[in-house]
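Novice: Attaching a single structure in structure tokens format; questions to follow.
The values are calculated or read from the model by the stated rules, or taken from the named source; none is laboratory data. This is a predicted model, so every value here is computed, not measured. Neighbour counts run over all protein chains shown; Cβ positions are idealised from the backbone, glycine included. Ligands, DNA and RNA are stripped out before the accessible areas are found, and what is left, the full protein with its side chains, is counted by its heavy atoms. Shrake-Rupley method; radii C 1.70, N 1.55, O 1.52, S 1.80 Å.
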Amino acid sequence: MNTNGRNADGNAGGSGVVDSYADDATIRRILEDTGDTWAVVGLSNNSSRAAYGVAQVLQRFGKRVVPVHPKAETVHGEQGYASLADIPFPVDVVDVFVNSELSGSVADDAVAVGAKAVWFQLGVVDPDALGRTRAAGLDMVMDRCPAIEIPRLGARA
């Protein structure tokens, strides 16, 4: 297992793996208990992007998906916003599909708008942002995808 709790092939090291980026209890809490309004940062109408498909999975799982993208497009029937600060209602979870270099500022914005949790998608890693976000009292996971974690954990909406 490497330092992020993954085997050499990049897969999580079995059921119940605990690492510095995520643990099953935190993942389950975010999916099942943190709330149903998810702001998806980086979500646009580009159906070839991962955010588009993951947002569909979240909707099927019972979550309200709020697109956050500079274009502020309506995606999957939900009005988009240019930034987290532009969303005129509370957001429970901020799901981040931007590159790691930009992700820390998104996590800081999530704290500022009063989100309850932050989820960095596969390949999005910023340990400093993880520390700041958790220190602010939010649950956070990094380098994970809810579309993978929902079936893996048998999570329920």
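Novice: Taking the mean number of other Cβ atoms within 10 Å as a proxy for protection, how do you rank 71-83, 38-50 from highest to lowest?
Specialist: 38-50, 71-83
Novice: How far apart, in nm, are the 7 Å Cα→Cβ label points at residue 33 and residue 135?
Specialist: 2.6
Novice: Assuming a viscosity of 1.567 mPa s and a temperature of 4 °C, what translational diffusion coefficient in µm² per second does Stokes-Einstein assign to segment 21-157, Rh being the Kirkwood radius over Cα pairs? Numbers along the way, then the final one.
Specialist: Numbers: Rh = 14.4 Å.
So the translational diffusion coefficient is about 90 µm²/s.
Novice: Can you compute the modelled spin-label distance between residue 47 and residue 85, with each label point 7 Å from Cα toward Cβ, in nm?
Specialist: That separation, rounded to one decimal, is 3.5 nm.
Novice: Sorted by accessible area (1.4 Å probe), largest first, how do 27, 148 line up? Could the numbers behind the result be given before it?
Specialist: Numbers: 27 0, 148 85 Å².
Greatest to least solvent exposure: 148, 27.
Novice: Follow-up question, since we're still on this one. May I have the convex hull volume per residue, in Å³, for the Cα set of segment 62-125?
Specialist: Numbers: hull volume 5.9 nm³, N = 64.
In segment 62-125, the Cα convex hull volume per residue is 93 Å³.
Novice: Report, in deg cm²/dmol and to the nearest 500, the calculated mean residue ellipticity at 222 nm for the chain, where each DSSP H run with n ≥ 4 adds -39500 (n - 2.57) and the sum is divided by the residue count. Each step should come with its number before you reach the end.
Specialist: Values: 5 runs with 51 residues, N = 157.
Theoretical 222 nm ellipticity from helices: -9500 deg cm²/dmol.
Novice: Here is a further query. If you take the charge dipole of the chain about its Cα centre, with +1 on Lys and Arg Cβ and -1 on Asp and Glu Cβ, which of 147, 96, 40 is farthest toward its positive end?
Specialist: Of 147, 96, 40, it is 147.
Novice: OK, next. Roughly to the nearest percent, how much of the accessible area of segment 46-141 is carbon and sulfur, given a 1.4 Å probe? Don't jump to the answer; show the numbers that get you there.
Specialist: Numbers: 2180 of 4380 Å².
Carbon-and-sulfur percentage of accessible area, whole number: 50.
Novice: For segment 42-83 and segment 129-147, what is the separation of their C-alpha centers, rounded to whole Å?
Specialist: After rounding, the separation between the Cα centres reads 20 Å.
Novice: Here is a follow-up. Write down the accessible area per residue of the chain in Å², having rolled a 1.4 Å probe over the full set of protein chains. It would help to have the intermediate numbers written out before the result.
Specialist: Values: 7190 Å² over 157 residues.
With the other protein chains kept in place, the chain gives 46 Å² per residue.
Novice: Next up: If you place +1 on the Cβ of every Lys and Arg and -1 on the Cβ of every Asp and Glu, how big does the dipole about the Cα centre of the chain come out, in debye to the nearest 20?
Specialist: With Lys and Arg at +1 and Asp and Glu at -1, about 360 debye.
Novice: Another question, then. Can you name the helices of the chain, as whole DSSP H runs, whose Cα span along the helix axis is 15 Å or more and whose Kyte-Doolittle mean is not below 1.0?
Specialist: On the way: long enough: 50-60 (16 Å, 0.40); 100-112 (19 Å, 0.33).
Span-like helices, by this rule, are absent here.
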